[in-house]
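Here the structure comes first, spelled out in structure tokens, and everything after it is commentary.
The values are calculated or read from the model by the stated rules, or taken from the named source; none is laboratory data. What you are looking at is a predicted structure, and each value in this text was computed from that prediction instead of being measured. Here the Cβ positions follow ideal geometry from the backbone for every residue, glycine too, while neighbour counts run over all protein chains shown.
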Amino acid sequence: MSVIIQLSPVTINRIAAGEVVERPASVVKELVENAIDAGADRIEIVTSGGGKTLIRVTDNGLGMTADDLSLAVERHCTSKLIEDDLLDIRTLGFRGEALPSIGSVADLRIETRHASEDNGWAITVSGGSRSDIVPVGLSQGTRIEVRNLFFSTPARLKFLKSERAEAGAITDVVKRLALAHPEIRFSLSGSDRSPLDYPALATGDFRGRALQVMGADFAENSIEIDALREGVRLTGLAGLGTLQKANAQSQHLFVNGRPVRDKLLLGAIRAGYADVMARDRFPAAVLFVDLDPHEVDVNVHPTKADVRFRDPGLVRGLLVGALRRAHADAGHRAASTHGAATLDVLAVAASRPMPASASTWRTDYQSRPVAFDWRTAPDRPLATEAPVARGFAEEEAPFDAGAPQARFAVVDGTVSADARPGLSDVPVESLSRPLGAPRAQIHETYIVAQTETGLVIVDQHAAHERLVYERLKREIAKGVETQMLLIPEIVDLPEEDVDRLVERADELAELGLVVESFGPGAIAIREIPALLGRTDTAALLRDIADDLAEWDQATRLKEKLDAIAATMACHGSVRAGRRLRVEEMDALLREMEETPNSGQCNHGRPTFVELKLSDIERLFGRR
């Protein structure tokens, strides 16, 4: 026969510790949050052994009196709730479980002094057993030491990771709290880490704190977010679509100043970047959601990492809409990190030794080219006859009909390139435009443009794909113009793909793609969006069938319009390997400057790389 017993206070505290104190980083989180709630503007954290042997948190907050200290180590004692109102949570902590839970599984010592008292007080709790309160000398504030974590629950100790991993988790916790509170100075040091120090900044200087915590790349390549809807405020910084990460560790979310890892918010970020980032990549962001405490429940998880909103649709819609507007406002802007990466590649290439076969044409600054014959050079102009003029005469040798013409000067029998400006018909004012004036197309894939401060290299397929995508989205909003095929195209597909396409035929027709069944295992395409022009409709249909197979059948196609439009745009854009005229290149650059999100293609890859002249000069040793 089972017997019901009442658990002892020590056992109750250990069970609570299993929920609240998961690892050393959990201890740091609870103690630092208490220091923030106490009004500290300077918080110092010291660790050892990944937090398993020592965690010390010192702050200059309000401190506690002797009576407060005596209650602080008892369960469910808190100063942060007003009249037991669990719907009005305005602090980071409120349960009163942290200190007694920690004291039940570690050696805990608290030293504190309140401004109203002449001396400080100290108490020790070890494995749930508390000592008497004794006076100590201390300046205003609180110092808490936690040693030998989980010594009383060795089973939990076995599940901890290496010292390096646990130290890294502590660093992550401190960084998140530092991002939320730029007005507080945070320092983190110890024998198990390199020290970190984040000086205090002005209240609300989130970009300055992001520079300290996340580095210059994020601070320079992020967009400011500030949106308000029905009492919910969203602020912070969102990285450009081309500033991509391999995981979600660079996504920092805060609700009323509380760091969270909420699935609703993380999903909203993914949706907000759907147009500008590949599915297997992750954006970087520091976002703050502020709303009435009565509109959010922060008490749904012991660690308070998850929250529940009264109106989740409102919060998600605000987040998705604000991110998409920010990307649109960024226009053609792309992350500057790609330019730095390009220079790194060029620097490595320049440092490689020159192959021996190049010795016949290698030059130095004191001599003219040696044994160089332009007629046998791999990049010789495609002229029918070699220039024969002497002196300073010059002749033109066109590369190809319709392409920009190259000029060559023949001096004393030696042919050299004439690098004078004005070889293309691009207006001079294009040089002052953000993407500059096109000067060349290389490998029939990349456009090289000159700006006033450097040069820009554009991936013509990626850029045009984005332009077509944005046009298609605008057409979808007002009704897609279709083009009927003179002869319907028949595409062979697996029967299950045909069934999916036929089932969604009405919705596909709204996108300008009219299809119908053509017997078992085949489908006929009768109309396509006019915007796509000449395209491989069979490949397009197969890609759309793959997209439909990936989604849940209950999902309405209209909810996936952007993904379908992106697939269509990829098939309807200028392909790599197509030669462009100067006018076409210039038109492409000008449209990029006017089109939202043109700094990256639909898959999140950059459409252009910009190199500053100063960087290029440094690459060649001119600086």
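Counting only residues that are over 18 Å from Glu496 (Cβ atoms) and either among the acidic types (Asp, Glu) or free of Cβ contacts under 8 Å to residues at least 12 places away in the same chain (or both), the range 510-528 holds 2 of them. Looking across the range 594-623 at every residue that is of a type in the set (Gly, Ala, Ser) and exposed (fewer than 15 other Cβ atoms within 10 Å of the Cβ), the one that is nearest to Arg433 (Cα to Cα) is identified as Ser614. Among the residues making up the range 145-168, those that are among the polar types (S, T, N, Q) and closer than 21 Å to Thr124 by Cβ are Asn148, Ser152, Thr153. In this structure, does Val491 turn out to be more than 27 Å from Met592 (Cβ to Cβ), crowded, with 19+ Cβ neighbours inside 10 Å and in contact (Cβ under 8 Å) with a residue 12 or more places away in the chain? So Val491 fits the description; yes. For the range 269-295, the candidate set comprises residues that are at pLDDT below 90 and either assigned by TED's automatic domain parsing to the domain that holds Thr607 or of a type in the set (Gly, Ala, Ser) (or both); within that set, the residue that is surrounded by the fewest Cβ atoms within 10 Å (Cβ to Cβ) is Ala278.
For the condition modelled with pLDDT of 85 or more, of a type in the set (A, V, I, L, M, F, W, C) and part of a helix (DSSP H, G or I), Val502 qualifies. Apart from one condition, Thr482 fits all of (1) over 17 Å from Asp536 (Cα atoms); (2) touching a Gly at 6+ places or on another chain (Cβ under 6 Å); the exception is (1).
Okay, residues lined up against (1) loosely packed, with under 15 Cβ neighbours inside 10 Å; (2) touching a His at 6+ places or on another chain (Cβ under 8 Å):
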residue	(1), (2)
Glu97	no, yes
Pro100	no, no
Thr112	no, no
Thr142	no, no
Leu149	no, no
Ser152	no, no
Lys158	yes, no
Ala165	yes, no
Arg176	no, yes
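May I ask you to verify whether Ser131 is more than 14 Å from Arg56 (Cα to Cα), touching a Gly at 6+ places or on another chain (Cβ under 9 Å) and not assigned by TED's automatic domain parsing to the domain that holds Ala285? Answer is no for this residue. For Asp586, the conditions (1) more than 24 Å from the chain's Cα centre (by Cα); (2) modelled with pLDDT under 80; (3) surrounded by 15 or more Cβ atoms within 10 Å (Cβ to Cβ); (4) not hydrophobic (A, V, I, L, M, F, W, C) are fulfilled apart from (2). In this structure, Glu183 does satisfy being surrounded by fewer than 17 Cβ atoms within 10 Å (Cβ to Cβ), closer than 19 Å to Asn34 by Cβ and of a type outside the set (Phe, Trp, Tyr). Restricting attention to the range 460-488, and to residues there that are farther than 15 Å from Ala524 by Cβ and either hydrophobic (A, V, I, L, M, F, W, C) or not assigned by TED's automatic domain parsing to the domain that holds Ala449 (or both), which single residue is surrounded by the most Cβ atoms within 10 Å (Cβ to Cβ)? Selected residue: Ala463. Within the range 462-489, the set of residues being touching a Ser or Thr at 6+ places or on another chain (Cβ under 9 Å) and among the charged types (D, E, K, R) comprises Glu465, Arg466, Glu470, Arg471, Glu489.
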